[in-house]
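Below is one structure, written out as structure tokens; the observations come after it.
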Amino acid sequence: MENQQVKGMPEGAYDVLPPGKEYVPYVPAGQIIPEMTVRAVVLGLIMAVLFSAAAAFLGLKIGQVFEAAIPIAIIAVGAGQWFKRKSTILENVIVQSVGAASGLVVAGMIFTLPALFILKLDQKIGINLFKLFAASLLGGTLGILFLIPFRKYFVKEMHGQFPFPEATATAQILVAGEAGGAQAKVLVWSMIIGGIYDFLILSVNAFSEVFTTRIVPLGQSLYEKWRLVFKMDALSSVMGIGYIIGFRYTAIIAAGSLLSWFLLVPLVAYFGRFIPAEIITPGTKLIAQMSAEEIFKFYVRFIGIGAIAMAGVISIIKSSKVIVQAFSMSIRQIAKKGAGHADSKPERTQTDLNMKYVLLLLLVTAVLLFLFYRFSVLAAVAQPFRLSLIAMLTVFVISFLFTSVSARAIAIVGTNPVSGMTMMTILLSSLVLASFGLSGDFGMMAGLLIGVVVCTALSMAGGFITDLKVGYWLGATPIRQQYSKFMGTIVASATVGLVIFLLSRTYGFDPTTPGALTAPQANAMATIIKPLMDPHAQMPWILLGIGALFILAIDMISIPPLAFALGMYIPIELNTPLVIGGLIALLVGRSSPDKELSNRRVERGTLIASGFIAGGAIMGVIGALVKFVSIKYFQKENPFYYLTWGSRVIPGELCALVMFVLICLYLYWDARRAK
């Protein structure tokens, strides 16, 4: 990577330093300024609550978790101007570190927890908020503790050798914020616009959420003859995610979706005409009588799940060498800590939580994990002690092995292959538990809650290394960042558990339920674990195998397999606004022959898109709460029914198309205002 000096960042921030030269951070080790203050912690906790709710809703909606670190950093900079004493840059680091726990906990939970509701284990066994909270909190704690011994290696010893893309952006925002909070104003304004826009769709039903080609005669004809239909979601938050992801990856995701909806769905519909009058499992009626959506739900969706599973396996295989290196590196780091001199006090910017306390907390976490599985998950099964011990050891071994993998992935490319590692965890843990006689509903519950803990641990480890690198560049005190991360994890775990519980009651996650949230990764987890724990379950293995083989071919031609697989699984209406957002980012980046001006425009567009994401997703949660209260206490599906003028008829879909075009044009126009 070509390193360019960013104005305001210290000398050598992105370079490999010559032997003997030490990096001097933005705030030198000898300088003491306010850091972990009450204002920083309180603001960070508020951000953790808000962004946990927002990221949970949006992640379950489209299967993509947006990173909260950058928007929170911008808000911290803007909010810091409101106090009589302007917040210091290190206070803003703490705000960002506490608040960013939201996206990390969300990523760990939404990939797995909804599977408990999809499998209806909440009705068969019972799921309460304590189980959701405890599983995510224990996983987040493990991720923090396992990463602490690796901090010095990743952020100091390997300085300049890893690009840390997200950490770089966050650090630049915080440094730029020292000169003023103009960026925060752009973000707040776009949050208001995106929030109101999405609220009009999700709660008021002022116009349709989805536009389809069935509203025009040609589109209706293609649908009736070939089950060929194009659909597009009009939410600004989804389009905003596409802008941030960029055109290349959104195009790959859209290509997977087009394969499913423009090839596989019409293909199944065509051959369904010649099949004798019998129902083919897992369908519930004749293919000839199915809509395009039903064909996707009962057949093509399983091909997508097989593709996601194989993409996860490919990620693990490609990381096998790194796993071995991570294991040996872990042993060396712990050994170095144990051999350290008690009288050698590190400087402020290199002070970590004492290793003996890390080991003690790991022991306490192990005991709490065992008690959690023994008395909350496996209390009603045979051999609860033995099975709980196996569950706890499985969590510890897998989390330990993959912690460095997650950190390295984030440091290099900014993407954590946590979903693939979690699928492997659920597969391995289910096989182990089944070999000891645990099966059925309790087996699925145990396997998934093992997956929740591991997934959250790996997500936390990968994200936390970003915070620590930002702190290293800017001169934060690592031990204070570590304390702040624990606090953010507690609040985020409670918030996300509550939001998932609320959304399960309001929308649901079962793909066979109309209006349910897609939760693609959780559906994949549920599909994988059911046949492992229920010998009587019918699985369309041939469809899963087709998806797996197809994604192998995709990987052979160097197309990112997980992005393509997600496109195959997620409904087309959620993928089309992604690629439109990515196309806007491409156009903004090419809007001027002046490269520096184009870069400034892209950065402004990123702020606006982040505002759409945060505002729209938060309003989505508020809308779910309003809908939940309305149904529970007023027996009304839509509390704003008197404002609804046709969200499911042609005028509503045409209005959706017009409004979506307008919000896209606004993003392009406002991004070009950068000077």
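The values are calculated or read from the model by the stated rules, or taken from the named source; none is laboratory data. This structure is a prediction, so every number in the text was calculated from the model and none was measured. Methodologically, a virtual Cβ is constructed for each residue, glycine included, from the backbone with ideal geometry; neighbour enumeration extends over all protein chains shown. We work out accessible area using only protein heavy atoms, side chains counted, and drop any ligands, DNA or RNA first. Shrake-Rupley method; radii C 1.70, N 1.55, O 1.52, S 1.80 Å.
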* Asked: Mind checking whether some residue in region 207-217 is among the polar types (S, T, N, Q) and in contact with an Asp or Glu (Cβ under 9 Å, 6 or more places away or on another chain)?
  -> yes
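This table checks each residue for (1) closer than 21 Å to Leu359 by Cα; (2) at pLDDT below 80; (3) touching a Pro at 6+ places or on another chain (Cβ under 6 Å).
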residue	(1), (2), (3)
Phe385	no, no, no
Met392	yes, no, no
Ile412	no, yes, no
Asn416	no, yes, no
Ser419	no, yes, no
Leu431	no, yes, no
Ser439	no, yes, no
* Asked: Condition test on Glu166, is it of a type in the set (Asp, Glu) and either open to solvent by less than 20 Å² (accessible area, probe 1.4 Å) or in contact with a helix residue (DSSP H, G or I) (Cβ under 7 Å, 6 or more places away or on another chain) (or both)?
  -> yes
* Structure fact -> Per the filter on region 561-576, residues in a loop (DSSP other than H, G, I, E, B) and modelled with pLDDT of 80 or more are Pro571
* Asked: Out of (1) under 27 Å from the mean Cα position of the chain (by Cα); (2) modelled with pLDDT of 85 or more; (3) surrounded by fewer than 20 Cβ atoms within 10 Å (Cβ to Cβ), the odd one out for Gly195 is which?
  -> (3)
* Structure fact -> Inside region 368-395, the number of residues satisfying the requirement of being under 15 Å from Ser429 (Cα atoms) and part of a loop (DSSP other than H, G, I, E, B) is 1
* Structure fact -> Phe211 vs (1) open to solvent by 10 Å² or more (accessible area, probe 1.4 Å); (2) closer than 30 Å to Val602 by Cα; (3) part of a helix (DSSP H, G or I): all pass except (3)
* Asked: Applying the selection to region 344-353, what residues are open to solvent by 70 Å² or more (accessible area, probe 1.4 Å) and either modelled with pLDDT of 85 or more or under 18 Å from Gly471 (Cα atoms) (or both)?
  -> Glu347
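Residue by residue, here is whether (1) over 17 Å from the mean Cα position of the chain (by Cα); (2) buried (at least 21 other Cβ atoms within 10 Å of the Cβ) holds:
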| residue | (1), (2) |
| --- | --- |
| Val93 | yes, yes |
| Gly99 | no, yes |
| Gly108 | no, yes |
| Lys124 | yes, no |
| Leu138 | yes, yes |
| Pro149 | yes, yes |
| Phe162 | yes, no |
| Ala171 | yes, yes |
* Could you please let me know if Ala234 is at pLDDT 85 or above, under 24 Å from Gly652 (Cβ atoms) and more than 19 Å from the chain's Cα centre (by Cα)? => yes
* Conditions (1) without any contact (Cβ under 8 Å) to a residue 60 or more places away in the chain; (2) at positive phi; number of the one not met by Gly160 -> (1)
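Listed residues Pro34, Pro25; which is touching a Phe, Trp or Tyr at 6+ places or on another chain (Cβ under 7 Å) and either small (Gly, Ala, Ser) or modelled with pLDDT of 80 or more (or both)?
Only one candidate qualifies: Pro25.
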* Would you check if Ala254 is in contact with a Pro (Cβ under 6 Å, 6 or more places away or on another chain) and not aromatic (Phe, Trp, Tyr)? => no
* All positions within region 426-471 that are farther than 30 Å from Ala100 by Cβ, open to solvent by 10 Å² or more (accessible area, probe 1.4 Å) and of a type in the set (Gly, Ala, Ser) -> Ala434, Ser435, Gly437, Ser439, Gly440
* If you take the residues of region 538-560 that are open to solvent by less than 30 Å² (accessible area, probe 1.4 Å) and at pLDDT below 85, which of them is nearest to the chain's Cα centre (by Cα)? -> Pro560
* To do: Among the numbered conditions (1) part of a loop (DSSP other than H, G, I, E, B); (2) at pLDDT below 85, tell me where Ile613 comes up short.
  => (1)
* Set Ile450, Ile479: member being more than 14 Å from Val395 (Cα to Cα), in a helix (DSSP H, G or I) and β-branched (Val, Ile, Thr) -> Ile479
* Asked: Right, Ile584: part of a helix (DSSP H, G or I) and either closer than 20 Å to Ile201 by Cα or modelled with pLDDT of 85 or more (or both) or not?
  -> yes
* Answer yes if at least one residue in region 215-238 is touching a strand residue (DSSP E or B) at 6+ places or on another chain (Cβ under 8 Å), in a loop (DSSP other than H, G, I, E, B), open to solvent by less than 60 Å² (accessible area, probe 1.4 Å) and β-branched (Val, Ile, Thr), and no otherwise. => yes
* Structure fact -> Note on region 561-588: residues more than 17 Å from the chain's Cα centre (by Cα), closer than 15 Å to Tyr249 by Cβ and open to solvent by 30 Å² or more (accessible area, probe 1.4 Å) are Val579, Ile580, Leu583, Leu586
* Structure fact -> Listed by first then second residue, the pairs whose first member lies in region 17-30 and is closer than 25 Å to Ile173 by Cβ, whose partner is open to solvent by less than 80 Å² (accessible area, probe 1.4 Å) and of a type in the set (Lys, Arg), with beta carbons under 7 Å and at least 6 positions apart or on separate chains, are Ala29/Arg348
* Looking at (1) among the β-branched types (Val, Ile, Thr); (2) farther than 24 Å from Ala53 by Cβ; (3) at pLDDT 75 or above, which is the one condition that is false for Ile650? -> (3)
* Asked: open to solvent by less than 20 Å² (accessible area, probe 1.4 Å) and β-branched (Val, Ile, Thr): does that describe Val364?
  -> no
